[in-house]
Amino acid sequence: MKPMKIILILITLISISNYATAGHYNNDSIYADVVEVQAIYERVRVPQNHKVCKNRRNNYNDRYRTNHRENGGGAILGGIIGGLIGNRFGKGHGRDAATAAGVIAGAAIGSKARPKGYYSQNGRQCHTQRDYYEEQRIAGYEVSYEYMGRIYHTRLQNHPGDRVRINVNVQVAEY
């Protein structure tokens, strides 16, 4: 039982000493009065999406072109995907026929695909367009503060308020 008491006493003493020194790690920090703060601005390009629409004409030729326009890249991609899907079905000549049918169907579907971002709304052809505008944003603050009669300067990311916390490091000067 005696060794157990000694161990408990040692654990208690170590815990108390850790608790007592926990608040002293930042012993060298003090506060200095802020004399001047100037915001530092930077110009930033900000993206902004907006919808652009064009009205469709009502004559037959324009409507036919708009609804049935060809898309070569879509036809090629659709044919490849359709061929891969068709190849999964059937055996022997049946597989060949399913592959050919998949290529034809995929190419037909892919040729009618619209480019990404285009859609139709109330008889209008619309797409999303990204534009950029410039705005000024605060990049940081140039801060002047006074400590023991001297003015010091630093750059901070946030506004410091009326005072700033500083670390003081006193060292022996060599003679």
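Only the coordinates and a few stated rules stand behind these numbers; no lab work does. Predicted model, so just to flag it, every value in this text is computed and none were measured. No Cβ is skipped: glycine too gets one built from the backbone with ideal geometry, and neighbour counts run over all protein chains shown.
Could you list Thr99, Thr154 so that the one with the fewest beta carbons within 10 Å of its beta carbon is first and the one with the most is last?
Ascending Cβ contact count within 10 Å gives the list Thr154, Thr99.
Among Leu84, Leu77, what is the fewest-to-most ranking by other Cβ atoms within 10 Å?
Result, fewest neighbours first: Leu84, Leu77.
Going by how many other beta carbons lie within 10 Å of each one, how would you line up Tyr145, Tyr132, Tyr31, fewest first? It would help to have the intermediate numbers written out before the result.
On the way: Tyr145 20, Tyr132 9, Tyr31 12.
Placing the least packed residue first, the sequence is Tyr132, Tyr31, Tyr145.
Compute the distance in nm between two label points, each set 7 Å from the Cα along the Cα-to-Cβ direction, one at His159 and one at Met4.
6.2
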